[in-house]
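S.K.: Structure in structure tokens, see below.
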Amino acid sequence: MDFYTVLGVRRAASAAEIQRAYKRLARALHPDLNPGDPVAAEQYGAIARAFEVLGNPERRARYDRGEAAVASEPVPRVGFEGFDFSRGGGEVSFGEIFEAPREERSMARGEDLEQAAHVSFDESMQGAERSLEVVRFEACAACGGLGEVELAPVPCRRCRGTGSLRARRGHLVFSRACPDCAGRGRVSRRPCGDCAAEGRVLQTERIHVRIPPGVRPGERLRIPGGGNAGRHGGPPGDFVLVVEVGPHELFRRDGDDLHCVVPLSMVEAAGGAHVDVPTPDGPVVIEVPAGTQAGQRFRLRKRGAPRPEGGRGDLFVEVAIEIPTVVDDRGRALLRELAALHPQEPRRAFARKER
Ligand SMILES: [Zn+2]
Ligand SMILES: [Zn+2]
């Protein structure tokens, strides 16, 4: 039986013509569309065999040269899978006929690992170091991360050494190359027992992490390659440290700027003073001018949080004023004297509105 005749194409037909002819015939003769029709089933088998050869340039060339080795070769699943024989809503594909393929031993990137670290506010300004215990997958030493180890060739268990798998559907028996041994019938590798063929094993490890000065609350510090080893030799994931920063009793952080409140005495605010204000690097002296009001803000450039990319934020100092409670006669007399010397009209805006 000539394969070109079976598919009804010329010997000089292009690959596309051969594929078109095969698809057209396969649709018409598919066993699920011709249940109980032995002629259709037989024809269907014939066109499948013809396409196995003519659909592959290498096999087709050998067939054209009259070489006989063609039939004995394991047939890859090329052209069969993912071929959709839909008609009238019913979908039948070869993928359903064969059992689901075994999970591929393909490389896969390892997962990222995440852990939280708490640092105090001061540590977040100065930087910190943490030593963390991390449970992570490491590449398996027994198999070098491949999930398989070499051994002397033995018959393949899955196909019992035949190199092909068979599946029955109605009257038809389909066969395909055994994926475990790639159709060779023998295997020279076995799954690694140390890592259950994963190529990686769980290990507890200490990781040393440097937390940079100025780290932002909730910042995610990424250590490339510090996560799980990949499956079957795949690249590792990352380790991500999520930094939690504790509060500070004086400073409030806003971006890379810091805010704090500096209380002044009434006398300091009125007469001006040099006062110590806290900064992340220790106290600095600022000059408060006479007549400083409550709520007034001073900006201390580059006294805020260090920026990981360089530079620093600013520190904003807001003035609060503590007023003494004056109930003694001498105190009241002095206040009256002061008021006479420096008359004030604090509610002048109200007065204007009343008029
Ligand atoms: Zn292993
Ligand atoms: Zn096999």
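The values are calculated or read from the model by the stated rules, or taken from the named source; none is laboratory data. All figures in this text were calculated on a predicted structure; none of them were measured in a lab. Every residue, glycine as well, gets a Cβ built from its backbone with ideal geometry; the counts of neighbours run over all protein chains shown.
S.K.: Taking the stated definitions as given, is Arg176 at pLDDT below 90, in contact with a Phe, Trp or Tyr (Cβ under 7 Å, 6 or more places away or on another chain), more than 30 Å from Gln293 (Cα to Cα) and within 16 Å of ligand 2 (Cβ to nearest atom)?
M.R.: yes
S.K.: Give me the pairs: first residue in region 133-160 and of a type in the set (Phe, Trp, Tyr), second residue more than 16 Å from ligand 2 (Cβ to nearest atom), beta-carbon distance under 7 Å, and six or more apart or on different chains, which are they?
M.R.: Phe137/Gly110; Phe137/Arg200; Phe137/Val201; Phe137/Leu202; Phe137/Asn228; Phe137/Ala229
S.K.: Given the condition free of Cβ contacts under 8 Å to residues at least 40 places away in the same chain and assigned to a helix (DSSP H, G or I), answer yes or no: does some residue in region 319-327 qualify?
M.R.: No, the conditions are met nowhere in region 319-327.
S.K.: Okay, next question. Testing Glu249 on (1) surrounded by 16 or more Cβ atoms within 10 Å (Cβ to Cβ); (2) more than 26 Å from the chain's Cα centre (by Cα), one condition comes back false. Which one is that?
M.R.: (1)
S.K.: Take the residues in region 257-285 that are modelled with pLDDT of 95 or more and charged (D, E, K, R), then tell me which one is surrounded by the fewest Cβ atoms within 10 Å (Cβ to Cβ).
M.R.: My answer is Asp276.
S.K.: Give region 295-318 a look and list any residue that's without any contact (Cβ under 8 Å) to a residue 40 or more places away in the chain and either on the phi > 0 side of the Ramachandran plot or in contact with a His (Cβ under 6 Å, 6 or more places away or on another chain) (or both), or say none.
M.R.: Scanning region 295-318 gives Gly295, Lys302, Gly310, Gly311.
S.K.: Okay, moving on. Considering region 164-198 alone, what residues qualify as being under 25 Å from Cys143 (Cβ atoms) and more than 37 Å from the chain's Cα centre (by Cα)?
M.R.: Those that are under 25 Å from Cys143 (Cβ atoms) and more than 37 Å from the chain's Cα centre (by Cα): Arg184, Gly185, Arg186.
S.K.: May I ask you to list the residues in region 19-41 that are touching a helix residue (DSSP H, G or I) at 6+ places or on another chain (Cβ under 7 Å) and free of Cβ contacts under 8 Å to residues at least 40 places away in the same chain?
M.R.: Ala21, Leu25, Leu29, Asn34, Ala40
S.K.: Right, here's the next one. Could you tell me which residue of region 152-169 is farthest from Asn34 (Cα to Cα), considering only residues that are of a type in the set (Gly, Ala, Ser) and surrounded by 13 or more Cβ atoms within 10 Å (Cβ to Cβ)?
M.R.: Filtering first and then ranking leaves Gly161.
S.K.: Only one of these is under 30 Å from Arg312 (Cβ atoms), of a type outside the set (S, T, N, Q), surrounded by 12 or more Cβ atoms within 10 Å (Cβ to Cβ) and more than 12 Å from ligand 2 (Cβ to nearest atom): Arg130, Arg109. Name it.
M.R.: Step by step, each of Arg130, Arg109 is checked, and only Arg130 is under 30 Å from Arg312 (Cβ atoms), of a type outside the set (S, T, N, Q), surrounded by 12 or more Cβ atoms within 10 Å (Cβ to Cβ) and more than 12 Å from ligand 2 (Cβ to nearest atom).
S.K.: Go through Val149, Val242, Val209 for me and flag whichever is hydrophobic (A, V, I, L, M, F, W, C), closer than 30 Å to Gln126 by Cα, away from ligand 2 (no atom under 16 Å from the Cβ) and crowded, with 16+ Cβ neighbours inside 10 Å.
M.R.: None of the others qualify; the one that does is Val209.
S.K.: Out of (1) at pLDDT 95 or above; (2) touching a helix residue (DSSP H, G or I) at 6+ places or on another chain (Cβ under 9 Å), the odd one out for Arg216 is which?
M.R.: (1)
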